[in-house]
Amino acid sequence: MRRVMPTSLPILALACAMSTVVGAAWLGALHNRAASEMTKSAQAFLNALTPEQQQRALFRFDDPERLNWHYIPRPRRGLPLKDMTPKQREAAHALLHAALSTIGYRKAVAVMALEAVLHELEKGGRIPRDPELYYWSIFGTPSTKGRWGWRVEGHHLSLNFVIDDGRVVSATPMFYGANPAVIRNRVPGGPPIGTRTLAKEELLARELAQSLTEEQRQVAVVARKAPRDIRAGGSPQPPLTRPIGIPAAHLTQRQRDLLWRLITAYAENMPAEVRDSWLEQVKASGINRVHFAWAGGLAEGEPHYYRIQGPDFLIEYCNVQPDSAGNPANHIHSVWRSLHGDFGLPLTNNH
């Protein structure tokens, strides 16, 4: 069993420091290893629960709750870490780690631990901030035969998976957020000043945007003011809109390399075989058909937004809100969605 990292302030610093610094497209390739690890870990998790806890954690696969995702702080169904024993938490984290790469797992743990930072910064504000208010939910019966799914979700984290006959067929929507995006205020027991949870997602995109020529910016920068948030948050399916911004075909080789590294920063949250499948699909559909759009300011601390869209996937990122200490544009929302359909459901024009 993998080593489990508790969601505490010191662990946030460790997780961010150790990180080298989405969902997915509809997955047709076989992802047997990831699916097998998730299935075994989900079974072990359920076996560690009491009957009453199982009733809270288990849903039918076709329960509407499976599509009821969001990243805001709100009441949720499922079984939270707060109501688990230490051994049950270990099993819960083993399931989470089975579904992600080490990079993705550390990011998830860091996102959870940021709730403790918010608790300190907000001094007991109206919104409960608790790194144990993250909920595990299983949809259907974990097995190598048939279809089942699972989710872990709480503030700024929503990870959703579907396994069908021993294959990972969907891992979207994949949402990671961070508040604060950069630690700018010292918190007792917290991470060092300058710690970033989603570093690549922010810094690579800004480097790409700043590298654009004036002519390129005429196409890539779609608005002087960033939108308030990503689109379709909480919707079971992504927005169906044409790509905007500059196509990769109109970028220099260095800029295309930056774009590829940025896409990879999202895909590498997944286990290797799932990550590779996503990236191979991007290549197969043509990297030159991927569009990059930017809105807002180019300097750190200025509200900004970007969108990366190819034939099969959509990435959206928004950083416009101040953090809880008032530092401007220090609150990230980011998501990868499948343009073939999230939650293992085919996308239709009337979704």
Test: ILE308 is β-branched (Val, Ile, Thr), under 27 Å from ARG147 (Cβ atoms) and buried (at least 23 other Cβ atoms within 10 Å of the Cβ): no
Single condition TRP260 does not satisfy, out of (1) surrounded by fewer than 23 Cβ atoms within 10 Å (Cβ to Cβ); (2) among the aromatic types (Phe, Trp, Tyr); (3) not in a helix (DSSP H, G or I): (3)
Lone qualifier among LEU100, LEU95, LEU133 - being buried (at least 17 other Cβ atoms within 10 Å of the Cβ), modelled with pLDDT of 95 or more and over 17 Å from ALA34 (Cα atoms): LEU133
Selection count where residues are buried (at least 20 other Cβ atoms within 10 Å of the Cβ) and small (Gly, Ala, Ser), scope region 185-215: 3
Matching option when the condition is small (Gly, Ala, Ser) and in contact with a Ser or Thr (Cβ under 6 Å, 6 or more places away or on another chain), among ALA113, ALA99, ALA91: ALA113
Selection from region 200-228 of residues that are in contact with a strand residue (DSSP E or B) (Cβ under 8 Å, 6 or more places away or on another chain) and more than 15 Å from GLY297 (Cα to Cα): GLU201, GLN216, VAL219
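Table: residues versus (1) closer than 18 Å to ARG33 by Cβ; (2) among the β-branched types (Val, Ile, Thr).
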position	(1), (2)
LEU240	no, no
ILE244	no, yes
HIS250	no, no
ASP257	no, no
ASP276	yes, no
Cβ pairs under 7 Å, 6+ apart, first in region 72-98 and within 24 Å of HIS333 (Cβ to Cβ), second polar (S, T, N, Q) and at pLDDT 95 or above: ARG77/SER137; GLY78/SER137
Complete set of residues in region 263-289 that are of a type in the set (Gly, Ala, Ser), within 23 Å of GLY104 (Cβ to Cβ) and part of a loop (DSSP other than H, G, I, E, B): none
Filter result for the condition that a residue is within 30 Å of PRO64 (Cβ to Cβ) and outside any helix (DSSP H, G or I), over ILE244, ILE230: ILE230
Only one of PHE343, PHE292 that is surrounded by 15 or more Cβ atoms within 10 Å (Cβ to Cβ) and in a helix (DSSP H, G or I): PHE343
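The values are calculated or read from the model by the stated rules, or taken from the named source; none is laboratory data. Quantities reported herein were computed from a predicted structural model and do not represent experimental measurements. Methodologically, a virtual Cβ is constructed for each residue, glycine included, from the backbone with ideal geometry; neighbour enumeration extends over all protein chains shown.
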